[in-house]
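The values are calculated or read from the model by the stated rules, or taken from the named source; none is laboratory data. Being a predicted model, the structure only gives us computed values, none of them experimental. So basically every Cβ, Gly included, is an ideal-geometry build from the backbone, and we count neighbours across all protein chains shown. When the accessible area is computed, the model is the full protein with side chains, heavy atoms only, and any ligands, DNA or RNA have been set aside. Shrake-Rupley method; radii C 1.70, N 1.55, O 1.52, S 1.80 Å.
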Amino acid sequence: MADGTPAAPARLVATGLSKRYGAVQALADVDFDLQPGEVVALLGENGAGKSTLVKVLSGLVTPDTGTITMDGEAVNISSSARSQAAGIAVVQQEYSTVGALSVAENLVLGKANSPFLWTRGRLRSEAQALLGEVGLGHIDPSTKVEELSVAEMQLLEVARVLAREARVVIFDEPTAALSDAETEKVLAVVRGLAAKGISIVYVTHRLPEVFAIADRVSIFRNGRSLPSVAIGDIDVAGIIQMMLGRTLETMYPERKPVAGDERLVLREVVISGLSAPVSLSARRGEILGLTGQLGSGADLVVKALASETPILGGVVEVDGSPLKAKDRSKGLADGITYCSPDRKRSGIFAGLSIVRNLSSSWLSSVATAGTVSTRRERTAAEALASAFAIDSKRLGSSVGKLSGGNQQKVALAKWLGNNPTLFLVEEPTRGVDVGARSDIYAKLRGLCEQGMTVVVSSSDTNEIHGLCDTIATFYHGEMVGVGPADDWTEDALVAAVMNRSEK
Ligand SMILES: Nc1ncnc2c1ncn2[C@@H]1O[C@H](COP(=O)(O)OP(=O)(O)OP(=O)(O)O)[C@@H](O)[C@H]1O
Ligand SMILES: [Mg+2]
């Protein structure tokens, strides 16, 4: 350095990392480095190898080749205990919390230097402090984790790393199901850790976040690392070009006026969990978007229509007939499908092949006298795969081996393969990369032009603003606004979601 002080060694240097799974080269001679107190955004398409690097650094995956040093010394991080002992803490992409344990127990689980016996009171007060820092102050620490929503679980994962003493904290898509309000909390946590000299690896598909926190971006493509770029030297278009190897003309398909008949009508519908009745409608061909922050209830309308949440009063009509609220186990009425936000709880079968997952909701339609035609199944699955940017060469492999974003694409494609007339979906593009997202939006719009109606709830205001024809916003268990998308600016939508006045 110019003033003569020796430069501090890099916090973490990974050199020549490779990892192969059968025919898939997940990491190919990857180099990665991280300085003390630095925030590096790790970006790339679905399946590019980001989580594989995260798993190598967390001791869950042993690389085939490569070396890792921390603060100038070679480290052995060949197990998760060793990785933790070396000072690496990780917020994994798929939740690692234990559902049957309480929130408080999960927070101290695996914490280094935890006293042998926690008193109940100490456990509770430590947990409460950590929850407050991530915006989960409203959660009782004795709640079982399995009762939390996807967004709450994400925030709980973030709270868990705060309980660790770490030199490096890795966040693998911590905000994929969070609205702007909760995202702000996570970004504040990241900034706070970096200010203390902790180094951060931050994986996301939500590119605006990158510019809010990162010092540098490191982009992976097909398992290879590209040379990193300082944040001041790149913009969103530049990042997309490096990620995809091409530019993205438009993210959202063009909106045309929707003139179809009323398909869905909600009149004064009382939904468990919402404090006021909801009246809404959607036409054939229309995409109705619902948004709000955590706990706003925006998701409850979708859940109620999908019979996941009780409807306590009012009228719901689909194509002029009352909606038959069925027991969940009996499935939904004909023509209606629901894609849950939680891939783990429902939606996809990790142990089955991509083909079988894609066909599971319409298998009977390609069966003759109870026998499945595998050729017809495969042909239909191939068509879906290509529409949803799913690698058609991998249709035979199990879904559990796909990257997070690719699993999400399978979940969506599976339910749309049913040709629903009414498609109910929460967080449709959770964890999906920018390129595949634009394909999915185009596909949804195309199906709507053929008469499908979509009711979508999403924490991503940009998605709701860009995709939907009509937008309803929710705050604290109440619908607070509804109107044509053209009447909203994105800023106004964000303000409404946060209940700020600058409309
Ligand atoms: N256990 C496994 N068996 C086989 N293939 C695997 C396994 N784990 C990962 N892969 C493959 O390695 C590649 C990289 O996956 P990885 O999860 O690192 O992607 P990613 O960049 O995190 O993607 P996403 O943005 O979707 O999370 C993918 O092709 C994935 O299918
Ligand atoms: Mg991943």
For the stretch 22-56, which residues satisfy the criterion of being touching a helix residue (DSSP H, G or I) at 6+ places or on another chain (Cβ under 7 Å) and within 12 Å of ligand 1 (Cβ to nearest atom)? A26, L27, V30, L42, L43, G44, E45, N46, G47, S51
Whichever residue in the stretch 293-345 is in a helix (DSSP H, G or I) and modelled with pLDDT under 80 and, among such residues, is surrounded by the fewest Cβ atoms within 10 Å (Cβ to Cβ): S329
Looking only at residues that are farther than 17 Å from L43 by Cβ and crowded, with 20+ Cβ neighbours inside 10 Å in the stretch 430-443, which one is nearest to ligand 2 (Cβ to nearest atom)? I440
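Answer yes or no as to whether V158 is touching a residue at least 40 places away in the same chain (Cβ under 8 Å), surrounded by 24 or more Cβ atoms within 10 Å (Cβ to Cβ) and β-branched (V, I, T). Show your work before the answer.
Details: touching a residue at least 40 places away in the same chain (Cβ under 8 Å): yes; surrounded by 24 or more Cβ atoms within 10 Å (Cβ to Cβ): yes; β-branched (V, I, T): yes.
Here the answer is yes, as V158 does meet what is asked.
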Could you tell me which residue of the stretch 415-429 is nearest to Q25 (Cα to Cα), considering only residues that are modelled with pLDDT of 90 or more and open to solvent by less than 20 Å² (accessible area, probe 1.4 Å)? T429
Matching residues in the stretch 387-422 - criterion: being hydroxyl-bearing (S, T, Y) and away from ligand 2 (no atom under 15 Å from the Cβ): S392, S397, S398, T421
Return a yes/no flag: does the stretch 467-481 have any residue that is in a helix (DSSP H, G or I) and either of a type in the set (D, E) or under 17 Å from G297 (Cβ atoms) (or both). no
Can you pull out every residue in the stretch 170-185 that is buried (at least 23 other Cβ atoms within 10 Å of the Cβ) and aliphatic (A, V, I, L, M)? I170, A176, A177, L178
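Could you identify the single residue in A14, A48 that is among the small types (G, A, S), touching a Lys or Arg at 6+ places or on another chain (Cβ under 8 Å) and touching a residue at least 24 places away in the same chain (Cβ under 8 Å)?
Details: A14 fails: touching a Lys or Arg at 6+ places or on another chain (Cβ under 8 Å).
Residue meeting the stated conditions: A48.
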Using the structure shown, decide if L384 is away from ligand 2 (no atom under 16 Å from the Cβ) and under 18 Å from V150 (Cβ atoms). no
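Which is within 16 Å of ligand 1 (Cβ to nearest atom), surrounded by fewer than 24 Cβ atoms within 10 Å (Cβ to Cβ), at pLDDT 90 or above and outside the structural domain of S321 (by TED's automatic domain parsing), of K409, K401? Break it down stepwise before answering.
Details: K409 fails: surrounded by fewer than 24 Cβ atoms within 10 Å (Cβ to Cβ).
Going through K409, K401 in turn, just one is within 16 Å of ligand 1 (Cβ to nearest atom), surrounded by fewer than 24 Cβ atoms within 10 Å (Cβ to Cβ), at pLDDT 90 or above and outside the structural domain of S321 (by TED's automatic domain parsing): K401.
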